[in-house]
1. Find all pairs meeting these conditions: Cβ atoms under 6 angstrom apart; at least six residues apart or on different chains; first residue within the range 239-263 and touching a residue at least 60 places away in the same chain (Cβ under 8 Å); second residue open to solvent by less than 50 Å² (accessible area, probe 1.4 Å) and assigned to a helix (DSSP H, G or I).
2. Out of SER172, SER179, I need the residue that is among the small types (Gly, Ala, Ser), touching a helix residue (DSSP H, G or I) at 6+ places or on another chain (Cβ under 7 Å) and open to solvent by 30 Å² or more (accessible area, probe 1.4 Å). Which one?
3. Keeping to the range 225-246, report how many residues are at pLDDT 90 or above and open to solvent by less than 40 Å² (accessible area, probe 1.4 Å).
4. I need every pair where a residue in the range 53-68 that is open to solvent by 30 Å² or more (accessible area, probe 1.4 Å) has its Cβ under 6 Å from the Cβ of a residue that is in a loop (DSSP other than H, G, I, E, B) and more than 13 Å from the ligand (Cβ to nearest atom), sequence separation at least 6 or different chains.
5. So ARG249 passes all but one of these: (1) open to solvent by 10 Å² or more (accessible area, probe 1.4 Å); (2) within 30 Å of ARG45 (Cα to Cα). Which condition number does it fail?
6. Which count do you get for residues in the range 278-297 that are more than 16 Å from HIS43 (Cα to Cα) and open to solvent by less than 20 Å² (accessible area, probe 1.4 Å)?
7. Could you pull out the residue among ASP277, ASP246 that is closer than 28 Å to LEU30 by Cβ and out of contact with any Gly (no Cβ under 7 Å at 6 or more places or on another chain)?
Amino acid sequence: MNPPRHLLQIEGLPPSEIAALLELAESYVLLNRSGQTERDLLHGRTLITLFFEDSTRTRTSFELAGKRLGADVITMSVATSSVNKGETLLDTAATLNAMHCDLLVVRHAQSGAPALLAQKVDAAVINAGDGTHEHPTQALLDALTICRHRGRLEGLVVAICGDVLHSRVARSNIHLLTSMGGHVRVVGPPTLIPPAIEKMGVEVFHDMRAGLAGADIVMALRLQKERMARGLVPSAREYFRFWGLDAERLAYAKSDALVMHPGPMNRGVEIDSAVADDPERSLIREQVEMGVAVRMAVLDTLSRRGLS
Ligand code: CP
């Protein structure tokens, strides 16, 4: 079977492919830190970013990644596009396809939207986050960050805390970490943990002390109020009181446990500033740096499989 032309999800990606992407991404970390670029790789190729939801990290890092590899990078501004005149997602994609776009990076509020587009366009489609489904490049950059500090994923205990229900980041991380031999716990109030999530191979905790005990990595998630149809938490203040990651709660984990957060952070809601900004424990800034390298590795890998 030919390897997929698109990157739509982590689920189903073989561990060997994940390992290869991480190894390639590591080489791009070194390239980026040296200040050099690899502009021949995507020379003459066009990459379009099409974001129907807000983004700072993902969109910027895909654009940087494309430019460092020599692609012509177009940022489509959905807010000022003909989407506002009623053009559908599929018609928008068909329009971009007619311009012979090679790589289409898509974020959409609807789970499955990038997969739908992948069936309709010639371009290689990369899912930059779809609804509550997946955010594959976030999981790859998280894995790269962990590997650079712990040298492996296998056997590590990773506690993913907070609003798991609405988190595509959590889903992609669960698929990736379990497939690479990690032990994943999800920790949060019952209203924010999806039913039957144990079937994904994770342990469920509704208590921060028990959930964090012995954890190597503590990953805090943003409380996604924009996806909450009804009040699943009493108030931000109360949420922090029970579920916020502060120094006291972090002390439940291993003494050298590392802190992650995909961003954007709600300081004082799911994470305390003192923890988020602790240079000894927090990997949050490094996650952002790894995002560029991982996205270069993804663009590189898909381009080697043959763009249209
Ligand atoms: N982590 C993440 O996806 O951040 P952005 O929403 O800023 O892209």
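1. LEU245/VAL275; ALA253/LEU212; PRO262/GLN138; PRO262/VAL169
2. SER179
3. 4
4. Here the result reads ARG68/THR37, each pair linking the range 53-68 to a residue that is in a loop (DSSP other than H, G, I, E, B) and more than 13 Å from the ligand (Cβ to nearest atom).
5. Going through the list (1) open to solvent by 10 Å² or more (accessible area, probe 1.4 Å); (2) within 30 Å of ARG45 (Cα to Cα), ARG249 breaks only (2).
6. So the answer is 9.
7. ASP277
One line per residue, one yes/no per condition, for (1) away from the ligand (no atom under 15 Å from the Cβ); (2) at pLDDT 95 or above:
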| site | (1), (2) |
| --- | --- |
| ILE48 | yes, yes |
| LEU64 | no, yes |
| VAL73 | yes, yes |
| ALA79 | yes, no |
| ASN84 | yes, no |
| THR88 | yes, no |
| ASP91 | yes, no |
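The values are calculated or read from the model by the stated rules, or taken from the named source; none is laboratory data. Remember, predicted model here, so these are calculated numbers, not experimental data. Positions of Cβ are generated from backbone atoms using ideal geometry, with glycine treated the same way; all protein chains shown enter the neighbour counts. These accessible areas exclude ligands, DNA and RNA; they are computed on the full protein's heavy atoms, side chains included. Shrake-Rupley method; radii C 1.70, N 1.55, O 1.52, S 1.80 Å.
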